[in-house]
1. H274 fails exactly one of the following numbered conditions: (1) farther than 23 Å from M251 by Cβ; (2) modelled with pLDDT of 90 or more. What is the number of that condition?
2. For N165, only one of the following conditions fails: (1) within 21 Å of S85 (Cα to Cα); (2) in contact with a strand residue (DSSP E or B) (Cβ under 7 Å, 6 or more places away or on another chain); (3) free of Cβ contacts under 8 Å to residues at least 40 places away in the same chain; (4) among the polar types (S, T, N, Q). What is its number?
3. Which one is surrounded by the fewest Cβ atoms within 10 Å (Cβ to Cβ) among residues in region 497-524 that are within 27 Å of S469 (Cβ to Cβ) and among the charged types (D, E, K, R)?
4. Has region 391-406 got at least one residue that is open to solvent by 50 Å² or more (accessible area, probe 1.4 Å), among the aromatic types (F, W, Y) and modelled with pLDDT of 95 or more?
5. Take region 477-496 and flag every residue that is more than 18 Å from V378 (Cβ to Cβ), at pLDDT 95 or above and buried (at least 17 other Cβ atoms within 10 Å of the Cβ).
6. I'd like to know if region 349-369 contains one or more residues that are open to solvent by 50 Å² or more (accessible area, probe 1.4 Å), touching a strand residue (DSSP E or B) at 6+ places or on another chain (Cβ under 8 Å), at negative phi and at pLDDT below 95.
7. Please indicate, with yes or no, whether at least one residue in region 682-699 is of a type in the set (F, W, Y), open to solvent by 60 Å² or more (accessible area, probe 1.4 Å) and in a loop (DSSP other than H, G, I, E, B).
Amino acid sequence: MNLLDSVPNKKKYVKRISSSVVILLALSMGLGARKPTVVHADNAQMTDLPKSTNAAQNKIPGQYAFSARIDKGITEVKPFGATNSDWYSSSTHTEDSTHHWFAFKLSDNDGNNDQWKGKVGVYYSNVGVYNGHTIDIKLTMMDWKVQNYEWVDTNGNGKADTRKNIKQAYAAFGKDDFEIFTPGLGAVKYRLDYLDHKTHEPVKITGSWTFNDIDGDQWVGIEPNTFSNVDQIYYGDHDNKGNTWLSYKNMGGKNYIYSDANQHNTKITDNSGHNAGTLTSNQLKGSFTAAYSDSSSFIIDWVYGENTGEHAIKDQNDLESDINNWNMTGKYDPDADKEYPISDLGNSIASDMFNHAFLQFSTQPITPDKPGDPVKYVSDSDEGTNVPSEIGTDKSVDHDLLKNRYEEYHYQITHNVPKVLDRFKYTEYMITDDLDKDLDISNIHVYNRNNQDVTYMFTINVDSDNKLSVVAKGDALANDDFYREQYKVTFDGKVKPGVTLADHQDPKHDDQAVIYNDAKVTTSNGSADSNKTTTNIPFTPKNETKAVSADGKGDGKDLAVDFGQDYKYTVKVAAPDGVNIKSLELKDKLEPVLNLKDVHVYDLDDSNKDVTDQGKLTTDSNTADWVANDATKWHGKHLEMIITANVKNVPELMDYLDKDSGKIKVPNKAIFTVNGKDDPTNNVDVEPNSPKASVQKWIELPDLN
């Protein structure tokens, strides 16, 4: 994008027009301009660029989907370096929207600020989350060589046809997005650093930077060390056969991507402001995307001249011949943002002090994206986290061990959606999860990066096969806010009651079941699978115990009772879930000196529900015998049989006399049978109390008859 300020004849048509009006004219009109020759994507210079590929019919892999984002009210943008008096605020109306800027004074009539090279820039705090790190971006100007100028009428003919150097020069940096405006012509070396928001330490990221609006005689050079981390450079208009305005040249050992003024130099011949020699940031023939891996910084050289008119070619020749534009080494103070903070910035300047050469560097690729891999986590009461703000941080885990099969646990799925061009917005976005058939799923929610509940943007369903689908609604996909976002799907899981876990045997742990899980993201550009989570569940061991008490609530092993007094036996059992149960029986044969009066069976895992009718109960021969109707529904269940009985006052009680204690003890134990294997409970005793002694006294009277 070139602005009218850089055009020799601008004063012929523009008088006392504010800079914002000038820019608006420059971007909204294009009358009477000569159409340049199209440079196609098979430009030999671009095909010679190492690691380059044409964007036509190509998609950028999802691994590069990290998108830094400036969120109003969340991201804090502050300049640093020099003093408050060296910084100004400003605004422009650029491409039909208002942009706000921090402008740094490079030089003025009193001198320059060269001593601040490597110590001055803008800090963007909290721009995204990457692998558990909240990310800050620090932009530092490492070096610059800028000559500002203005066009003046030296011939007295009313035409501003002579370029006059001026000392005042400012470089401006976007508050609303990642972008730079520079005046005159020259070069700026700047560095982008990813830092951890809490520790301020560098964070290595795999992502991409896109450089837009590279007009004629504008150059973007990637530093050699940075280029070594670049995996691929995409160039050309994806939807227009890959056509490009870009060329490639190695200058001073650096790879430069530029728009050749020899090919793009159309002169403005009227007051239209914008012409075929310039671009807007959405014209992809002037853009490229650099995808990189495992890097915490990105260093570029931005070299620029006049990009339209008859002076463009001469400017390009002058730039190329000036070695100072191509050998900037630069300085860098990693702590400058803390050492030289800027606050209470109150001064402002007009944008015509810097609004010549514009470069936008965004995380918005110039190709459609293949979806990146979603990330799956798991948590329970004491492992991992289900707090939305903590999901994806170092508190998240992908492996947990439940206390038992009855503990509820939680799944989380995170996925980053990159910022995409309008033409690449999705027609489909869906997160799916084929959940284990033995799980009950509930409490499904979707949160965004700011931990706001955005479930309303999705249609959610769990079908009869236990497949979870979280599908973005059409109006959400059409909205810009859907993109450059992270989505977190959370939901609860619990093993269904009574199902067997035998088919989930963990080969690494004989006493545990294991449930694996992964998710999938599908967009209109393809699909991607998540990692696999692991949840281990201790098997419920078979167990059986017997107790006796007056009310059925105690756990005593013996009880003294009166003849005819009702008391209760409680038989508690745990059905195993590490085997497939085919038959299940509870049996308790009482001694003949006891009366069996009543029997009930309860499900202790279902609020002590009476389940007597879910089995066949017989009480023949003083024996309580309950056989489950459907044995397969009791895996892992805790059952309780309660038997009401009393002691008969019969001579046969003497058969139960304990010679050591001299007491009568009537024993009892139950049998728990699973798949034909009998396991007896412990023994309990009832001790009938002896009859109370009684004395009768009377007087015998003589018979008076």
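The values are calculated or read from the model by the stated rules, or taken from the named source; none is laboratory data. Predicted model, so just to flag it, every value in this text is computed and none were measured. Cβ: placed from backbone, ideal geometry, glycine included. Neighbour counts: every protein chain shown. The area values use the complete protein model at the heavy-atom level, side chains included, leaving out ligands, DNA and RNA. Shrake-Rupley method; radii C 1.70, N 1.55, O 1.52, S 1.80 Å.
1. (2)
2. Here N165 meets the rest and fails (1).
3. For region 497-524, the residue satisfying everything is D503.
4. Yes, region 391-406 has at least one match.
5. Listed by number, the residues that qualify are L477, F482.
6. yes
7. As a first pass, look at region 682-699 and keep what is of a type in the set (F, W, Y): 698.
Checking the rest, the ones that are also open to solvent by 60 Å² or more (accessible area, probe 1.4 Å) come to 698.
Right, trim to in a loop (DSSP other than H, G, I, E, B) and you get 698.
Checked region 682-699: at least one residue is of a type in the set (F, W, Y), open to solvent by 60 Å² or more (accessible area, probe 1.4 Å) and in a loop (DSSP other than H, G, I, E, B).
Results for (1) more than 23 Å from the chain's Cα centre (by Cα); (2) hydrophobic (A, V, I, L, M, F, W, C), shown as yes or no for each residue.
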{"site": "G346", "(1), (2)": "yes, no"}
{"site": "M353", "(1), (2)": "yes, yes"}
{"site": "S362", "(1), (2)": "no, no"}
{"site": "S389", "(1), (2)": "no, no"}
